[in-house]
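For reference, the structure discussed in these notes is given below.
The values are calculated or read from the model by the stated rules, or taken from the named source; none is laboratory data. Everything numeric in this text was worked out from a predicted model, so none of it was measured. Cβ: placed from backbone, ideal geometry, glycine included. Neighbour counts: every protein chain shown. Just the protein is used for accessible areas: all its heavy atoms, side chains included, with ligands, DNA and RNA removed. Shrake-Rupley method; radii C 1.70, N 1.55, O 1.52, S 1.80 Å.
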Amino acid sequence: MNDRHFDALATRFAEKIYGGAKGAIRLAVLQADLAECLPERPLRILDIGAGLGHMALWLAERGHHLTLAEPAAPMLDGARERFAAASQPATFIQAPWQDLLGELTEPYDLVLCHAVLEWLAEPEAILPVLHQLTRSDGLLSLAFYNRDALVYRNLLKGHFRKMRRNTLAGEKQSLTPQKPVDPRELRTWLEGLWQVEAESGVRVFHDYMPTEFQARAELIDLLEMELAHRRHPAFAGLGRYLHWICRPL
Ligand SMILES: C[S@@+](CC[C@H](N)C(=O)[O-])C[C@H]1O[C@@H](n2cnc3c(N)ncnc32)[C@H](O)[C@@H]1O
């Protein structure tokens, strides 16, 4: 298995993930979490697997200095266009995370790694590299596709054969990730490197709503309710993605 660079998935990703409520909820939760913990001063920020640059642009518009690293040219081109349209400067690097230590020398105040782990062949290998790329007083914003939520969705849909065969990962060219992340396993990978300071669920109820209620709901209400319940002890762990703010040990 190789890392899945999004060369052929860029358009589908833009439409399916950021074309509707799913992307809006994702951005709202990540932004609310970051707004709580970022200092007021301008920061040097590295976004690894930056994709189309949605989060990076939001941070650039708040006065931070952004470096976007992304191996897939169509994704990085999309990010460049998004920054140009907003007249925001940034540094763009076409590279996978495996090449970054060779290219970047000074560690960053904040490193973003959003929805990348689940596309990697060896997700645990990136964590020490993220640590080296983050200042000792900096932060890591780690968002990942939650295997628990995938299991729960399959149970709700009655996909028991799939469950018994343990065939939950996405197929080639699917937007279901090839390696959904088990949060308990991830915690063991973080040991000795990262301390988790804040945890939220992304889409803790939206994706489980019956479609007729989903279609009828106003986005503004969905955002308010998702934000209000993102840290609820019973629901946070059901988020389709989990967002962990981590501090280096
Ligand atoms: C689901 S997208 C997430 C994009 C963006 N971070 C976001 O949250 O919108 C996953 C991204 O990871 C990138 N990726 C895959 N393998 C990678 C690697 N080895 N190093 C860095 N990025 C990688 C893909 O090309 C893709 O753009």
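Structure summary
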item: Qualifying position, being more than 13 Å from the ligand (Cβ to nearest atom), touching a strand residue (DSSP E or B) at 6+ places or on another chain (Cβ under 9 Å) and not in a strand (DSSP E or B), among 186, 155, 130; result: 186
item: Output for segment 144-165, where each listed residue is in contact (Cβ under 8 Å) with a residue 40 or more places away in the chain and either at positive phi or of a type in the set (Asp, Glu) (or both); result: 148
item: Index of the failed condition, residue 160 passing every other in (1) of a type in the set (Phe, Trp, Tyr); (2) within 16 Å of the ligand (Cβ to nearest atom); (3) open to solvent by 10 Å² or more (accessible area, probe 1.4 Å); result: (2)
item: So residue 168, is it under 14 Å from the mean Cα position of the chain (by Cα), in a loop (DSSP other than H, G, I, E, B) and either more than 21 Å from residue 127 (Cα to Cα) or without any contact (Cβ under 8 Å) to a residue 24 or more places away in the chain (or both); result: no
item: In segment 4-13, residue farthest from the ligand (Cβ to nearest atom) [restricted to those that are touching a helix residue (DSSP H, G or I) at 6+ places or on another chain (Cβ under 7 Å) and open to solvent by 40 Å² or more (accessible area, probe 1.4 Å)]; result: 7
item: Candidate set: segment 14-65, residues that are of a type in the set (Asp, Glu) and at pLDDT below 95; chosen: the one least open to solvent (accessible area, probe 1.4 Å); result: 15
item: Residue count for segment 88-112, restricted to those that are within 17 Å of the chain's Cα centre (by Cα) and within 18 Å of residue 2 (Cα to Cα); result: 2
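Yes/no matrix, rows are residues, columns are (1) in contact (Cβ under 8 Å) with a residue 60 or more places away in the chain; (2) acidic (Asp, Glu):
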{"position": "25", "(1), (2)": "yes, no"}
{"position": "38", "(1), (2)": "yes, no"}
{"position": "41", "(1), (2)": "no, no"}
{"position": "46", "(1), (2)": "yes, no"}
{"position": "60", "(1), (2)": "no, no"}
{"position": "68", "(1), (2)": "no, no"}
{"position": "72", "(1), (2)": "yes, no"}
{"position": "76", "(1), (2)": "no, no"}
{"position": "99", "(1), (2)": "no, yes"}
